[in-house]
Amino acid sequence: MRNKNNKHLGIEVEPELHGKLRYIAKYEGRSVNGQIIYLIRQCIRAFEESNGEIKLDTDKR
């Protein structure tokens, strides 16, 4: 079930990029959406390891 507090993110990608993303997601046992979430989390983790934790103002989410 979808969490109503989650934010929606729409993106446009080239067909070749989409096909390759779909291939990798299937290979790793994820949906395309799950693969994108995984990659975003990896990016944030790497950023925070280099730059420190990102502190968010909860009122502005």
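Only the coordinates and a few stated rules stand behind these numbers; no lab work does. Computed from a predicted structure; not experimentally measured. Positions of Cβ are backbone-derived with ideal geometry, glycine not excepted, and every protein chain shown enters the neighbour counts.
Starting from the 7 Å offset along Cα-to-Cβ, what nm value, one decimal, do you get for the label separation of residue 48 and residue 20?
That separation, rounded to one decimal, is 2.8 nm.
Do any trypsin sites (Lys or Arg not before Pro) in the stretch 17-59 lie in a DSSP loop with no more than 12 other beta carbon atoms within 10 Å, and if so, which?
55
Just to verify a number: FRET efficiency for residue 27 and residue 55, C-beta to C-beta distance, R0 = 35 Å, to 0.05? Write down the numbers at each step before the final one.
Details: r = 35 Å, r/R0 = 1.01.
Approximately 0.50, to the nearest 0.05.
Mind listing the phi-derived Karplus ³J(HN,Hα) values for the stretch 37-46, rounded to whole Hz, using 6.51, -1.76 and 1.60 with θ = phi - 60°, and x for any glycine or proline?
Once θ is set to phi - 60°, the couplings for the stretch 37-46 become 4, 4, 5, 4, 4, 4, 4, 5, 4, 5 Hz.
If you filter the chain for GluC sites (Glu not before Pro), then keep DSSP loop positions with at most 15 other Cβ within 10 Å, what is left?
Listed in order of number, the matching sites are 12, 28, 53.
Starting from the Cα gyration tensor of the chain, multiply each eigenvalue by 5, take the square root, and state the resulting semi-axes largest first in whole Å.
Numbers: eigenvalues 125, 56, 27 Å².
Values for the chain, descending: 25, 17, 12 Å.
Check the chain and count each lysine pair with an alpha-carbon distance under 23 angstrom, considering only pairs eight or more places apart or from different chains. Don't jump to the answer; show the numbers that get you there.
On the way: 4/55; 4/60; 7/55; 7/60.
Taking the chain as the scope, the lysine pair count is 4.
What length, rounded to one decimal in nm, is gained on full extension from residue 38 through to residue 6, with 0.36 nm per residue of separation minus their alpha-carbon distance?
10.0 nm
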